[in-house]
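For reference, the structure discussed in these notes is given below.
The values are calculated or read from the model by the stated rules, or taken from the named source; none is laboratory data. Everything numeric in this text was worked out from a predicted model, so none of it was measured. As a convention, Cβ positions derive from the backbone with ideal geometry for all residues, glycine included, and neighbour counts pool all protein chains shown. For the accessible areas, the whole protein counts, side chains as well, though only heavy atoms, and no ligand, DNA or RNA atoms are used. Shrake-Rupley method; radii C 1.70, N 1.55, O 1.52, S 1.80 Å.
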Amino acid sequence: MIRLGLRDWDHLVPLASGLVEIPGFTVRVDARDVTPDVLTEPGLDGGETSFSRYVQARAAGDDRLVGLPAFVMRGFRHRCVLVREDSPLRSLGQLAGARIGLTGWPDSGNTWTRALLRAAGVDLAGVRWLVGPLTADETGKDRVGGRPLPAGVSVMAEGESLVDELAAGRLDAVLSPFMPRELFTRTSRFRHLLDDHRTEERAYWEATGFVPGIHLVTLKREVVEAHPELPAALLAGLEESKRRWLGRRRLLADTTPWLLHELTESARLFGDDWMPYGTKSNAEMTRAFCEELYAQGVWPEPIDPEVVFPDPALAAVPAL
């Protein structure tokens, strides 16, 4: 039995439900509300892990987790900058010298979003950063990563929240991979900074050729040593699960009013797979992320991207 702690991403349903099987293994998926800490849970053999924390561990020589180049959470970050509804700010470049809140300093998603600010000419050192929970009811998350924070970065006081600070005008913007519930109401006090983030994201894709990876699947080192064939087999199973999910969504597209339109438009832009698995398909994205961790001071020295996925068997997705 291989037990994985994963959030309930749609594309994992075929694997979690047993429609996709991993030859030679019985895989059990434990659905989680939040990303698990794979190393500290004795009952887990693997699970969903922050790309940032995994890369930093590898850079430090910590190989207790074996990462699979299967990014179960992936997405553009242009949409992840929120401002007040009445804010005059409309572009990333206008955030120079601003007061910006974010949900975690070393977090993968926020690292990618800060990379967009850097590309827009914003000096990150000139921003006043405030780290804290998006809403007051969020607890238990490591938001600083156990390393000293750069100058200009402070931590929010207990009981405060980013949405409250933004609403009160004490912050100019908030970076968050997840949206507050209020954003989905007609009376929301907040909006996306970019009026047409989709156009900006399309341009990003055309410039880079990738959609940023946020979380990946990892396995404990001792599990891999006991079952050296598991990483490649699980990677193939995750690929099959994703493919089955996409086929079903294209058939049963009436789960949102315009999902069929999104599916057809995505296929025209990205081809058949906007979230490819395998080391080779993710090499450029991995390199760019390693560069950002160093450039932003999240990690103190350059990171060799070759240390992230050293297993040559994971270069491409093997067939089940």
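State the number of residues belonging to the range 195-225 that are of a type outside the set (Ser, Thr, Tyr) and open to solvent by less than 70 Å² (accessible area, probe 1.4 Å).
Within the range 195-225, residues that are of a type outside the set (Ser, Thr, Tyr) and open to solvent by less than 70 Å² (accessible area, probe 1.4 Å) number 18.
Which of the residues that make up the range 37-64 are in a loop (DSSP other than H, G, I, E, B), out of contact with any Gly (no Cβ under 8 Å at 6 or more places or on another chain) and on the phi < 0 side of the Ramachandran plot?
Asp37, Pro42, Gly43, Asp45, Ala60, Asp62, Asp63, Arg64
Listed here are the residues, each with its yes/no results for (1) in contact with a Leu (Cβ under 6 Å, 6 or more places away or on another chain); (2) farther than 21 Å from Leu92 by Cα; (3) basic (Lys, Arg); (4) assigned by the TED database to the domain that holds Val34.
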| residue | (1), (2), (3), (4) |
| --- | --- |
| Ala119 | no, no, no, no |
| Ala125 | no, no, no, no |
| Asp142 | no, yes, no, no |
| Arg147 | no, yes, yes, no |
| Val155 | no, yes, no, no |
| Ser161 | no, yes, no, no |
| Glu165 | yes, no, no, no |
Considering only the range 14-38, state which residues are touching a residue at least 60 places away in the same chain (Cβ under 8 Å) and within 19 Å of the chain's Cα centre (by Cα).
Val34, Thr35, Val38
Picked from the range 1-53 (must be open to solvent by less than 60 Å² (accessible area, probe 1.4 Å) and hydroxyl-bearing (Ser, Thr, Tyr)), the residue farthest from Lys242 (Cα to Cα) is Ser52
In the range 287-314, residue least open to solvent (accessible area, probe 1.4 Å) [restricted to those that are part of a helix (DSSP H, G or I) and of a type in the set (D, E, K, R)]
Glu292
Mind checking which residues of the range 226-244 are open to solvent by 50 Å² or more (accessible area, probe 1.4 Å) and in a helix (DSSP H, G or I)?
Ala226, Glu240, Arg243, Arg244
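Scanning the range 115-149 for residues that are part of a loop (DSSP other than H, G, I, E, B) and open to solvent by less than 40 Å² (accessible area, probe 1.4 Å), which turns out nearest to Val211 (Cα to Cα)?
Filtering first and then ranking leaves Val122.
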Here is a list: Ser91, Ser176, Ser154. Which entry is among the small types (Gly, Ala, Ser), touching a strand residue (DSSP E or B) at 6+ places or on another chain (Cβ under 8 Å) and either open to solvent by 40 Å² or more (accessible area, probe 1.4 Å) or within 26 Å of Ala60 (Cβ to Cβ) (or both)?
Ser154
So how many residues does the range 248-286 have that are under 18 Å from Val72 (Cβ atoms), open to solvent by 30 Å² or more (accessible area, probe 1.4 Å) and in a helix (DSSP H, G or I)?
5
State whether the residues of the range 257-266 include one that is among the polar types (S, T, N, Q) and in contact (Cβ under 8 Å) with a residue 40 or more places away in the chain.
no
Are any residues in the range 1-36 more than 18 Å from Leu216 (Cβ to Cβ) and part of a strand (DSSP E or B), and if so, which ones?
Phe25, Arg28
For the range 170-187, pairs from a residue that is over 20 Å from Ser91 (Cα atoms) to a residue that is part of a loop (DSSP other than H, G, I, E, B) and open to solvent by 40 Å² or more (accessible area, probe 1.4 Å), with Cβ under 7 Å and 6 or more apart or across chains, are Glu182/Arg189
Has the range 235-248 got any residue that is farther than 17 Å from Asp10 by Cβ and under 24 Å from the mean Cα position of the chain (by Cα)?
yes
